[in-house]
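The values are calculated or read from the model by the stated rules, or taken from the named source; none is laboratory data. Quick caveat, the model's predicted, so the values are computed rather than measured. Ligands, DNA and RNA are excluded from the accessible area calculation, which covers all protein heavy atoms including side chains. Shrake-Rupley method; radii C 1.70, N 1.55, O 1.52, S 1.80 Å.
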Amino acid sequence: MTTYDTSLEPPFDDSVQLSDMQVDVSDEGPIAVNGDTDGTRSPTDLPDVRMSDNENQISKKRGYCIVAILFFINLLNYMDRFTVAGVLKSIQKYYNISNSEDGLLQTSFISFYMVFSPIFGYLGDRYNRKVIMACGITFWSGVTFAGSFIPANAFWGFVFMRGLVGVGEASYSTIAPTIIADLFSKDTRTTMLMVFYFAIPVGSGLGYVVGANMAEAFGQWQYALRLTPFLGIICVVLILIIVKEPVRGGADGGEHLHNTSFCTDLKALVKNKSFMLSSAGFTCVAFTTGALAFWAPIFMIDSITIQGNEAKESVIAYLFGGITVAAGFIGVAIGAQSSKIYKRRNPRADPLICALGLLVCTPFLFFALVLSRYQTAVTWLLIFFGEVALCLNWAIIADILLYVVIPTRRSAAEAVQILMSHLLGDAGSPTLLGVIADKISRNYEGNPKSPAIQYVALQQALYITTFVCVLGGAFFLATALFIEKDKKAAERQIKDHSMVTSGVVNDGFDQFVNNSVEIPEDTERR
């Protein structure tokens, strides 16, 4: 270390120039709303990034507006996914298809979605995210609308169009959470993620309700797919007008981080135990939710029918959608709030809460399947509590990813998690359970498409989801073993790089002028 004393007189050494000082004068700085209220700060905390008075700064009000827009788009995202499930019986009749072919509709969508996610993850870490989102939403709206005109003799064309919808949605899902991460930090980030992920259960539930009721109102199931495209175009306009691109990593003090190669990013992510294990747990969540979301409505129709009661598709969709919305609101809120409170006492709170949610969901789901033959009302109640437990983890999983991965790799991490969870999760679970149900139904005498045989076949196939829930709980418990170490490693990488590239030289110059300072020997000078 070289020590400069205050006795030195001007002129200063001209090797130290203002042009060398890494002063941030950007007007694109992030919002950093922290959860700390006592004014204290630990030496190990990340740099405190605060809003400036610059008129071009992203204001708190605009930040909240951006989150509201992202929430609305995510709502449409999940509405669009599950409108098909809300009119599945009508689609079966229109295309004259079996359970196995039904499952291909969801599998096609998820397959395209997960394959294109890494591409948009790469782009999202390097290029303007609002432009990517706007283009993707425009594309998904167009192919959704076009898919509603596929004729009855072209089922595979309809399957392909549903796949293309996944391309557009991949451009949004990999990027939107990273924008929220760059606008907010700490407890406020958790709250904003909670708001954003409210859209999953609410959108899913509205997908059933709106899809079935649009089909009933217009007399054709195709109209279930003709509402969300127009709302999507409105979202594109809102993105272009209101959404502003924040500095990557700004809310965490990592605005000076630079991108590395995609291969380097992938190697770092694979070595991140918390990321990989939590993604494995989320894969189990995706498997279960994908199977239930697709098959639960049609399963309940068969259940009610064999009890001698009338089962109307629009009514079942309304009930299941309403339960999903309510359970989602409650589950996501409980998960996010309990995370904020419990983390103050236990730094491993997040994966433990996720594990608890899956393990609690298991008995509710099991007994719902068992009692569905006899007690419809009790079955609906058990489904509700099971979904509440299953939804505890939505916002928390996203938060885990954002704090164990550095900002310049977050879109890539989102993409890898999407690829992994959908490839092994809900891309295959609807088709897998459909194939198993078809195979089971052929073991019974009589018409394999009769409600009685279909009910038993789907019931036995759906029991698989209870085992998957237990497996997911185990993955999250394993995550708890590494979460503290991986979080501190990410914070240290962000903080150390920020100090080297900005803070050390600036602070050194100020102290040099006012008193004396020790400047690291490896600090670059001209």
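When only alpha carbons are used to place a centre, region 419-492 and region 342-393 end up 15 Å from one another. Computed with a 1.4 Å probe over protein heavy atoms only, the accessible area of TYR122 comes to about 80 Å². Listed by chain and number, the lysines whose C-alpha is less than 20 Å from the C-alpha of LYS312, apart from same-chain residues fewer than 8 away, are LYS89, LYS93, LYS449.
Over region 116-206, the alpha carbon radius of gyration divided by the compact-protein estimate 2.2 N^0.38 Å works out to 1.29.
Give the Rg/Rh ratio for region 219-363, taking Rg as the radius of gyration of the Cα atoms and Rh as the Kirkwood radius, to two decimals. Present the calculation step by step, with values, prior to reporting the outcome.
Working: Rg = 21.5 Å, Rh = 20.2 Å.
Dividing the radius of gyration by the Kirkwood radius yields 1.06.
Solvent exposure of ILE179, expressed as accessible area, is near 0 Å², computed with a probe of 1.4 Å over the protein chains only. Taking all protein chains together, PHE275, PHE230 sort by accessible area into PHE230, PHE275, largest first [probe 1.4 Å]. Strictly over 28 Å apart at the Cα level, which of LYS60/LYS130; LYS60/LYS271; LYS186/LYS485 would you flag in this model? Where the Cα-Cα span goes over 28 Å, the pairs concerned are LYS60/LYS271. Just check region 276-356 against the gyration tensor rule for me: Cα atoms, a ≥ b ≥ c as the square roots of the eigenvalues, rounded for a/c under 1.5, and otherwise prolate or oblate depending on whether a/b exceeds b/c. Prolate is the answer for region 276-356, as a/c is 1.5 or above and a/b outweighs b/c.
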